Amino acid sequence: MSTNPPPLMMIGSGEAGDRPPLRVERVRLWAVGLVVLAAVLAQVSVLPWMRLLGGWPDVVAGAVVAVALLRGQLVGAVAGFAGGLMVELASPVGTLGVYALLYLIVGAFAGRYCEREESQSVLPALVMNAAAIAFVQVGYAAVQVMLGGRLLVADFVREVLLPTLVLSTLLFPVTLLVARKLLGRPHNYEPNAPL
């Protein structure tokens, strides 16, 4: 038996030379938490004052999409769940767990595109962000209707969905830029992936 220490493990997928060491990846996973926490703090403190015809920007969905595009399905789903739960705990919402579930689904779906060529460009990320925001808004409205609330579809689309989409899409490039600066190049983070 040799007494040599085991080699430094690499985590992620892609080419062997593209993978950062484990300690670098841990630092960047802390950056995931910072991106989501900053988005949640902005969402519940500053952005409710940025209203446009009844809607306000949803930067948590943008942060979850950006994290998922840069770190994959697992990290995107965890970031989405954590971000949704923090939004629900920090602001008065009707039902606990709905945003957490919706953002988890957004993170898991967006994370499927990590390491693809389209995850490097802005246009597919913008489209995915718009789809995520629409999914979250429609999903939350559907839950409220199932719980007995009344909803006029035309009013919802005109007063909530469209203004939220416009404002969120305008703020998403900033969120994506900050996430790319903190997280680096996209690669799928899977802790138990074979090397």
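In the set 84, 80, only one residue is of a type outside the set (Val, Ile, Thr) and modelled with pLDDT of 95 or more; that residue is 80. Condition (residue is aromatic (Phe, Trp, Tyr) and within 10 Å of the chain's Cα centre (by Cα)) applied to the range 117-137: is it met by at least one residue? So far as the range 117-137 goes, no, none of its residues is aromatic (Phe, Trp, Tyr) and within 10 Å of the chain's Cα centre (by Cα).
Which residue pairs have Cβ atoms under 6 Å apart, sit 6 or more places apart or on different chains, and have a first residue in the range 138-152 that is more than 10 Å from residue 98 (Cβ to Cβ) and a second that is in a loop (DSSP other than H, G, I, E, B)? As it stands, the answer is 141/151; 145/151, since those pairs meet every condition given. A count restricted to the range 37-90 and to residues that are without any contact (Cβ under 8 Å) to a residue 12 or more places away in the chain and small (Gly, Ala, Ser) stands at 1. The sole residue among 93, 157, 166, 87 that is outside any helix (DSSP H, G or I) and β-branched (Val, Ile, Thr) is 93. Restricting attention to the range 81-104, does a residue exist that is loosely packed, with under 15 Cβ neighbours inside 10 Å, touching a Lys or Arg at 6+ places or on another chain (Cβ under 9 Å) and polar (S, T, N, Q)? For the range 81-104, residues loosely packed, with under 15 Cβ neighbours inside 10 Å, touching a Lys or Arg at 6+ places or on another chain (Cβ under 9 Å) and polar (S, T, N, Q): absent. I'd like the full set of residues that are surrounded by fewer than 22 Cβ atoms within 10 Å (Cβ to Cβ) and polar (S, T, N, Q), limited to the range 174-187. Correct list: empty.
Criterion applied to 158, 180 was being touching a Gly at 6+ places or on another chain (Cβ under 9 Å) and charged (D, E, K, R), and the one residue passing it is 158. Within the range 47-72, if we keep just the residues that are in a helix (DSSP H, G or I) and modelled with pLDDT under 85, the residue that is surrounded by the most Cβ atoms within 10 Å (Cβ to Cβ) turns out to be 47.
The values are calculated or read from the model by the stated rules, or taken from the named source; none is laboratory data. Every value quoted in this text rests on a predicted model; they were computed, and no experiment measured them. Note that we place each Cβ from the backbone using ideal geometry, even for glycine, and neighbour counts take in every protein chain shown.
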